[in-house]
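> First the structure, then my questions, so here it is.
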Amino acid sequence: MSKIAIFSDVHANLAALDAVLADASTQGVERYACLGDVVGYGPRPAECVTKIQDMECICIKGNHDEYISYDDELNNFNNLAREALIWTKSQLSSPQKEWLASLPYTRRLGRQMLVHASMENPSAWEYVRNSFDASIAIKYQTTQMCFSGHTHVPVVFEMIGGKVHVRHDEVVTIDPANKYLINVGSVGQPRDGDPLACYVVFDRLERTLTFRRVAYDVESVAQEILNAGLPEKLANRLIEAF
Ligand code: ZN
């Protein structure tokens, strides 16, 4: 049980999730952890919830998973987010909504911490975008390693002797002397300019992190978004990965 696939921000993109799970099985992965935002933006929220439930993997809550239980607060969202949220709510059964609402904000995975956004205040959904943000978030991290998502941009922040270094290597070997905040990127809606689905394989024995990028049929999912009547911008976003 040395290899764990850690993924985040599926955003109701079933084709991307299936591609990631197929790739993970070729990597000798035996366990999975999902860092939240199973739903939101994408065209297959119910199927993605069912799939993650059936996998019986560790799953924590993302902001979009939380928004599903909002009723009166929808006016605080911009039009794009509100439209997508109202549509997503209409697609989910009551038990599925209850399951999303019941997800914890953080969890331990062995000696690692899992959080969707930031350990500074997990339910505030702050964005850790750069080494300055990471230097604050990492102070709230009591474990050597913490895995997160939320920005949809894969990156490793490595703290070496009090200073945070930004790493974009495909493979990172964990140095026992350093602290790590790892953003695993997004399965269903990357925003780093690369539309391929992204996730991380953590090898607990070898102490390595491997960032995997996986192709899937982006155009057909973009078409599904349009067919569902969701905003065109959400379809374009998948292709342009912004
Ligand atoms: Zn997200």
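The values are calculated or read from the model by the stated rules, or taken from the named source; none is laboratory data. These figures come from a predicted structure and were not determined experimentally. Heads up, the Cβs are rebuilt from the backbone with ideal geometry, glycines too, and the neighbour counts pull from every protein chain shown. Note: accessible area is taken over every heavy atom of the protein model, side chains too, but ligands, DNA and RNA are not part of it. Shrake-Rupley method; radii C 1.70, N 1.55, O 1.52, S 1.80 Å.
> Give me the percent relative contact order of the chain, please, defined on Cα pairs under 8 angstrom at least 6 residues apart. Write down the numbers at each step before the final one.
Values: 544 pairs, mean separation 56.4, N = 242.
This gives 23 percent for the chain.
> Can I ask one more? Determine the per residue accessible area of the range 1-160 with all protein chains present and a 1.4 angstrom probe, expressed in square angstrom.
Dividing the accessible area of the range 1-160 by its residue count gives 41 Å².
> Anyone know which of 150, 168, 116 comes out most mobile in the 10 Å Cα GNM of the chain?
Ranking 150, 168, 116 by mean-square fluctuation puts 168 first.
> Of 161, 35, 109, which is farthest on the positive side of the dipole of the chain, counting Cα position, with +1 on Lys and Arg Cβ, -1 on Asp and Glu Cβ, and the Cα centre as origin?
161
> Continuing with this model, one more query. Between the range 135-211 and the range 1-52, what's the alpha-carbon centroid distance in Å?
18 Å
> Calculate the dipole size of the range 202-242 relative to its Cα centre from +1 charges on Lys and Arg beta carbons and -1 charges on Asp and Glu beta carbons; express the result in debye to the nearest 20.
280 debye
> Let me ask something else about it. To the nearest 20 Debye, how big is the dipole of the chain about its Cα centre, given +1 on the beta carbon of each Lys and Arg and -1 on that of each Asp and Glu?
700 debye
> I'd like the carbon and sulfur percentage of the solvent accessible area for the range 1-157, probe radius 1.4 Å, heavy atoms only, ligands and nucleic acids excluded.
46 percent
> On to the next question. Indicate, rounded to the nearest 5 percent, the antiparallel portion of the DSSP beta bridges found entirely in the chain.
70 percent
> Which of 32, 70, 105 ends up with the largest GNM mean-square fluctuation for the chain, with Cα atoms connected below 10 Å?
Fluctuation is largest for 70.
> Sticking with this one: What percentages, rounded to whole numbers, describe P(r) for the range 3-240 computed over all alpha carbon pairs with 5 Å bin width beginning at zero?
1, 7, 15, 20, 20, 17, 11, 6, 2, 0, 0
> Name the residue farthest towards the positive end of the dipole of the chain from the options 140, 229, 201, assuming +1 on Cβ of Lys and Arg, -1 on Cβ of Asp and Glu, about the Cα centre.
So the residue we want is 140.
> In a shell of Cβ-Cβ distance under 9 Å around residue 186, excluding residue 186 itself, what net charge do Lys and Arg (+1) and Asp and Glu (-1) give?
Taking every other residue near residue 186 into account, the sum is -2.
> For residue 163, which lysines qualify as cross-link partners when the Cα separation must be under 26 Å and same-chain residues fewer than eight apart are set aside?
Partners within reach: 139, 179.
> Taking only Cα atoms and a 10 Å spring cutoff, compute GNM fluctuations for the chain and point out the largest among 179, 163, 61.
163
> Largest first and in whole Å, give the semi-axes of the range 94-215's equivalent ellipsoid, each being the square root of 5 times a Cα gyration tensor eigenvalue.
22, 18, 15
> Full-extension gain between residue 56 and residue 217, please, as 0.36 nm times their residue separation minus the C-alpha to C-alpha distance.
Computed gain between residue 56 and residue 217 is 55.4 nm.
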